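K.L.:
Quick one: the structure is below, questions incoming.
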Amino acid sequence: MREAIDQAYKTAMKSGDKRRTATLRSINAAIKDKDIEARGQGKAFTDADILPMLQKMVKQREESLGIFTQAGREDLAVVEREEIAILSEFLPQGLSEAEVDAAIQKAIAETGAEGAKDMGKVIAALKAEYPGRIDFGKASGKVKAALG
């Protein structure tokens, strides 16, 4: 994933795409910050750790987009939309509602969950099998409904 981001950054710089260059530069800076932080803790910041970081960056921009749209600042909202699109290129494709429902039923069957007390097992199974592809904020409500 690091290599894909680096290659996209170099391509953006060569093509003179300022928005893309700036966004990819911010991703690289965040990765370097996390590398330094992890090294200080005696750990390694892996490609698997980049996914949640990118998801967090998208979520931050979505929140900003909502604020800018509500305030009537379309000029700033456009920038946020462009950055969300660039960041989303590096995220795995999300599952559709039907696919999420099927994944929940499969996880319930695999874990043998029978009630709300087993919700943690089901969420853990979903996180292990579909990292970054399910919005767990929404999925937890569906899991609770399916088990309840």
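Rule-based calculations on the coordinates, nothing more; no lab input. Everything numeric here is computed off the predicted structure, so don't read it as measured data. Counting neighbours? That spans all protein chains shown, and the Cβs are built from the backbone with ideal geometry, glycine included.
K.L.:
Filtering the stretch 86-101 down to residues that are touching a residue at least 24 places away in the same chain (Cβ under 8 Å) and outside any loop (DSSP other than H, G, I, E, B), which residue is farthest from Ser140 (Cα to Cα)?
P.N.:
Of everything passing the filter in the stretch 86-101, Ile86 is farthest from Ser140 (Cα to Cα).
Condition check ((1) among the β-branched types (Val, Ile, Thr); (2) within 20 Å of Leu24 (Cβ to Cβ)) across all residues:
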residue	(1), (2)
Met53	no, yes
Ile67	yes, no
Glu83	no, yes
Glu110	no, no
Ala139	no, no
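K.L.:
Among the numbered conditions (1) surrounded by fewer than 17 Cβ atoms within 10 Å (Cβ to Cβ); (2) part of a helix (DSSP H, G or I); (3) among the acidic types (Asp, Glu), tell me where Glu83 comes up short.
P.N.:
(1)
K.L.:
OK, next. Take the stretch 85-126 and flag every residue that is among the hydroxyl-bearing types (Ser, Thr, Tyr) and farther than 20 Å from Lys56 by Cβ.
P.N.:
Residues satisfying the conditions are Ser96, Thr111.
K.L.:
Further, regarding this structure: Would you be able to say whether some residue in the stretch 31-48 is in a helix (DSSP H, G or I), closer than 23 Å to Glu129 by Cβ and among the hydrophobic types (A, V, I, L, M, F, W, C)?
P.N.:
yes
K.L.:
Could you tell me how many of the residues in the stretch 1-30 are assigned to a helix (DSSP H, G or I), among the aliphatic types (A, V, I, L, M) and touching a residue at least 40 places away in the same chain (Cβ under 8 Å)?
P.N.:
Qualifying residue count for the region: 5.
K.L.:
Residue by residue through the stretch 1-35, note down the ones that are exposed (fewer than 13 other Cβ atoms within 10 Å of the Cβ) and either touching a Phe, Trp or Tyr at 6+ places or on another chain (Cβ under 8 Å) or on the phi < 0 side of the Ramachandran plot (or both). Step through it out loud before you land on a result.
P.N.:
Within the stretch 1-35, the first condition is being exposed (fewer than 13 other Cβ atoms within 10 Å of the Cβ), and the residues that meet it are 3-4, 7, 10, 14-16, 18, 29, 32-33.
Listed by number, the residues that qualify are Glu3, Ala4, Gln7, Lys10, Lys14, Ser15, Lys18, Ala29, Lys32, Asp33.
K.L.:
Taking the stretch 120-145, which residues are of a type outside the set (Lys, Arg), touching a residue at least 24 places away in the same chain (Cβ under 8 Å), touching a helix residue (DSSP H, G or I) at 6+ places or on another chain (Cβ under 7 Å) and more than 11 Å from Ala103 (Cβ to Cβ)?
P.N.:
Pro131, Gly132
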